[in-house]
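The values are calculated or read from the model by the stated rules, or taken from the named source; none is laboratory data. Remember, it's a predicted structure, so these values are computed and weren't measured experimentally. Here the Cβ positions follow ideal geometry from the backbone for every residue, glycine too, while neighbour counts run over all protein chains shown.
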2 protein chains.
Amino acid sequence: MNKINVGMVNGFDPSRLEDLDPAMQGAIRRRQALLGPAYRLMYADPVEVKRASGVFLYDSQGKAYLDAYNNVASVGHGHPRVVEAIHAQLQTLCTHTRYVQQGILDFAEDFVPSFGGPIEHVMFTCTGSEANDLALRIAKHKTGRNGIVITSEAYHGNSDLTAGLSPSLGKKSPLGTWVRRIPAPDSYRMKPREIGRTLASALQREIEELERRGEGLAAFIADSLFSSDGIYAHPTDVLSQVAEVVRRAGGVFIADEVQAGFGRSGEALWGYQRHGLQPDIVTMGKPMGNGYPVAAVAMSHAVVESFGTNQRYFNTFGGNGVAIAAAQAVYDVVREEGLQANALKVGALMQAGIGELAATHEGIGDVRGTGLYIGVEFVKNRATKEPDSATALAVVDGMRKRRVLISATGPNANILKIRPPLVFSPANADQLVATLDDTLKALRGRTA
Amino acid sequence: MNKINVGMVNGFDPSRLEDLDPAMQGAIRRRQALLGPAYRLMYADPVEVKRASGVFLYDSQGKAYLDAYNNVASVGHGHPRVVEAIHAQLQTLCTHTRYVQQGILDFAEDFVPSFGGPIEHVMFTCTGSEANDLALRIAKHKTGRNGIVITSEAYHGNSDLTAGLSPSLGKKSPLGTWVRRIPAPDSYRMKPREIGRTLASALQREIEELERRGEGLAAFIADSLFSSDGIYAHPTDVLSQVAEVVRRAGGVFIADEVQAGFGRSGEALWGYQRHGLQPDIVTMGKPMGNGYPVAAVAMSHAVVESFGTNQRYFNTFGGNGVAIAAAQAVYDVVREEGLQANALKVGALMQAGIGELAATHEGIGDVRGTGLYIGVEFVKNRATKEPDSATALAVVDGMRKRRVLISATGPNANILKIRPPLVFSPANADQLVATLDDTLKALRGRTA
């Protein structure tokens, strides 16, 4: 059972529509009619949501679901500070960056130093896809080259360009001819000490291939938690070795912080900082406005100088006053509520709790991650480490049945993806671990 | 003086920084340091904005600027109905489309019938660029071809793909090798009766060129008001002739309604409806959420069927509950406040008023447009129709000095672009016309 429904990990399979209760069937038929065939739902039994608060989503009957999946609502669903910052700014001014406004400058001044090194500018977009698309345009302009190297199951966006370098969109989603892939740092199957060297050598080979084809290396782009590759938070000496190869080839190193950024790793505000490297460009998105569409690209002056002089970039909504108010409020909350430290503490508790379950549940091959980004890998056999997608997906659906929302990831969809809002408490972590235990016991009962 | 500052019509030239007052100089230096070289400001003397309401922007000294430029704040800056809809939804739920939600279905059901014909689905993105990028991905997937035909000075977005088909970004912004251009329907210089035929023949030739190159025609995309080409609202028998050629070649017709849509033309909700044609895909953006980043692609089932089956599309913020609440509120206000009818009425008054100025101001070669999208073309000589960019830009800056905000457009930047919020009143129109008269008189005094 390695095939994923509708090309998506943990996607609802519409051919199973009649298994659902009539109200849900009706809603899904309306979705199909109105939104068309390109939309997907999560879970074998999709979830209807009506409202949300903190780490809970509620359906129309008032049933609560523990949200251990949504990194967008990073400071918690409906955080009043963010809601009120947006509301106040909406009443004041919501316009674009071709007029001078104070707020965007104050925010940039507060925010840019967090990146360190030569990063001195920030540009605003609305989505992480737009941020990566812009970062790649800048890198291509800077280098005069076209080639991009990514990790094996990367996801970097939904635009024509970024979908072309997002193999995790599925085998029917075409990769660009100018894209080449290196292995993900699979810490469960590779020797930790060799991972950095292995990836660096693979990158060197791919750069040579790009050069043989007249493309050359424009950029290497990676998410330092390798979320769609399967969540590999350790070792942390990998990307600095990769970055050295990128530099030697005259390429641009882009740190995609859409997943790892804003303190989620617990150990640093930005994921690349855990790897002790300094990227040329940092991109960010999802959690930046706690749901308000705001994203950004931070960069060194050197990398954007010629692009900025010869071209220009304007994003109608990007960096408008309300987007900035949302981003400022989120960044303030992350710091003032100590959410990075909370991610570290609660993530460690949860990882330990899940680790204990591994003692009694043979299917758990590996528990890994950092902060509030945790992967739990299911295998058919701990010796062969053969991926067990069926169990992982059954666990995801079993958790959903018990109203705890997570998902799965990796090329075989056999790795639980646990990525709650950063305000997750120790009690929330306990609930998740207990529910996982119940789910695994029930599954074992079923197969026994 | 045909050269445009910094590659952009009506862009501030940073080499003139020292002409500005010290506070503005300081703010611009901060912008350059923090946001980098790719950002641009409008006007020789950039405008600082602090708040906005209705059709007025205010600077930090409380000075009011009449906004005759911003189509984003289409129902008026800070419209309370939109602000409160966003606020209420922010407190309730802001999450993505992979859970079932009622609001998006209710909105789609209300909205989709407005497109007519075979259009039955709507998909949500955050920006018009994302909408066009997705529309083109769908068209390329549907046809299995790559070639795109556009009008001469089109603008369709800022993503890698859409910037590649946006010649109005300037000569240093590279066009895709798979992009070909046909003339804009220049009603001031071409015989109106011949325009449709001329464009259709030009398209036929470009399709043949694409076929000779093995690209073939994936899509023709146009803004039916031809905003960046120079604003050509008439004749309205042009695009149906073009669409016929597109159909014959098996291509997809994409109506880019980012500029013309939501009633701005006064004559129809959607610009393509003025041309009596039925597109395969309709894209929209800017005014859709009155500043909230929401945009969309509407399409027939036939055009998206294979894309939706073989691929998928997910946009983290696109179609989230708050985006939908904003879009629903704007669409309600457009209908309930009769803004399409207002655009027709006030636009006609304003065009007539500007037309009268042409009697005493020789430099005005043409006044055109429809509803609240008006172009005023400046020429050095009414017989030769030689474009007069210098005067057009002096008028834009003179209006700005008198605190009425407009801009310029067209390949020679010699056409005033007047595109106010749709709540513009007859009194606002009078103020604009009177200010234009004063500005022209002052300019004439200076050159006399």
inquiry  = If A:LEU134 satisfies all but one of (1) more than 9 Å from chain B (Cβ to nearest Cβ); (2) crowded, with 24+ Cβ neighbours inside 10 Å; (3) not acidic (Asp, Glu), what's the number of the condition it fails?
reply    = (1)
note = When (1) in contact with a Leu (Cβ under 9 Å, 6 or more places away or on another chain); (2) under 15 Å from A:LEU161 (Cβ atoms); (3) not hydrophobic (A, V, I, L, M, F, W, C) are applied to B:GLU130, the one that fails is (1)
ask   = Name the pairs whose Cβ atoms lie under 9 Å apart, with the first residue in the range A:182-196 and of a type in the set (Asp, Glu), the second buried (at least 19 other Cβ atoms within 10 Å of the Cβ) and assigned to a loop (DSSP other than H, G, I, E, B), and 6 or more positions between them or separate chains?
value = A:ASP186/A:PHE226; A:ASP186/A:ASP229; A:ASP186/A:GLY230; A:ASP186/A:TYR232
ask   = Can you find even one residue in the range B:287-298 that is within 17 Å of the chain's Cα centre (by Cα) and on the phi > 0 side of the Ramachandran plot?
value = yes
query = Conditions: (1) out of contact with any His (no Cβ under 7 Å at 6 or more places or on another chain); (2) in the same structural domain as A:VAL395 (by TED's automatic domain parsing). A:ALA52 meets all but one. Number of the miss?
reply = (1)
query = Does the range A:122-131 contain at least one residue that is without any contact (Cβ under 8 Å) to a residue 12 or more places away in the chain, within 22 Å of A:ASP229 (Cα to Cα) and crowded, with 18+ Cβ neighbours inside 10 Å?
reply = no
query = Taking A:SER114, is it in contact with a Pro (Cβ under 6 Å, 6 or more places away or on another chain) and at pLDDT 95 or above?
reply = no
message = List pairs: first residue in the range A:49-67 and free of Cβ contacts under 8 Å to residues at least 60 places away in the same chain, second residue surrounded by fewer than 17 Cβ atoms within 10 Å (Cβ to Cβ) anywhere in the structure, Cβ distance under 6 angstrom, at least six positions apart or on different chains.
response = A:LYS50/A:ASP59; A:LYS50/A:SER60; A:PHE56/A:ALA64; A:TYR58/A:ALA64
From the options B:GLY398, B:GLY365, residue that is closer than 17 Å to B:TYR188 by Cβ and of a type outside the set (Asp, Glu) = B:GLY365
task = Given the conditions (1) in the same structural domain as A:ALA85 (by TED's automatic domain parsing); (2) surrounded by fewer than 22 Cβ atoms within 10 Å (Cβ to Cβ); (3) in contact with a His (Cβ under 8 Å, 6 or more places away or on another chain), report the number of the one that A:ARG368 does not fulfil.
result = (1)
task = Residue by residue through the range A:321-339, note down the ones that are away from chain B (no Cβ under 14 Å), over 15 Å from A:ASN290 (Cα atoms) and not acidic (Asp, Glu).
result = A:GLY338
task = Starting from the range A:306-320, take each residue that is more than 7 Å from chain B (Cβ to nearest Cβ) and list its partners that are of a type in the set (D, E, K, R) and surrounded by fewer than 24 Cβ atoms within 10 Å (Cβ to Cβ), counting only C-beta distances under 9 angstrom and pairs at least six apart or across chains.
result = A:SER306/A:LYS142
task = Report, by residue number, each residue of the range B:219-241 that is crowded, with 24+ Cβ neighbours inside 10 Å and more than 14 Å from the chain's Cα centre (by Cα).
result = B:ALA219, B:PHE220, B:VAL238, B:LEU239
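A quick yes/no check of all residues on (1) surrounded by fewer than 16 Cβ atoms within 10 Å (Cβ to Cβ); (2) in contact (Cβ under 8 Å) with a residue 12 or more places away in the chain:
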{"residue": "A:VAL395", "(1), (2)": "no, yes"}
{"residue": "A:GLY398", "(1), (2)": "no, yes"}
{"residue": "A:ARG403", "(1), (2)": "no, yes"}
{"residue": "A:THR409", "(1), (2)": "no, yes"}
{"residue": "A:LEU416", "(1), (2)": "no, yes"}
{"residue": "A:VAL423", "(1), (2)": "no, yes"}
{"residue": "A:ALA427", "(1), (2)": "yes, no"}
{"residue": "A:THR435", "(1), (2)": "no, yes"}
{"residue": "A:ARG444", "(1), (2)": "yes, yes"}
request  = Taking A:ALA341 as the residue in question, decide whether it is of a type outside the set (Phe, Trp, Tyr) and part of a strand (DSSP E or B).
outcome  = no
task = Run down B:ARG40, B:ARG81, B:ARG29 and say which single residue is of a type in the set (D, E, K, R), under 26 Å from the mean Cα position of the chain (by Cα) and over 23 Å from B:ARG335 (Cα atoms).
result = B:ARG40
request  = Just need a number here: residues in the range B:153-201 that are out of contact with any Asp or Glu (no Cβ under 6 Å at 6 or more places or on another chain), within 13 Å of chain A (Cβ to nearest Cβ) and assigned to a helix (DSSP H, G or I).
outcome  = 2
remark   = Counted residues in the range B:164-187 being among the hydrophobic types (A, V, I, L, M, F, W, C) and closer than 13 Å to B:ASN146 by Cα come to 3
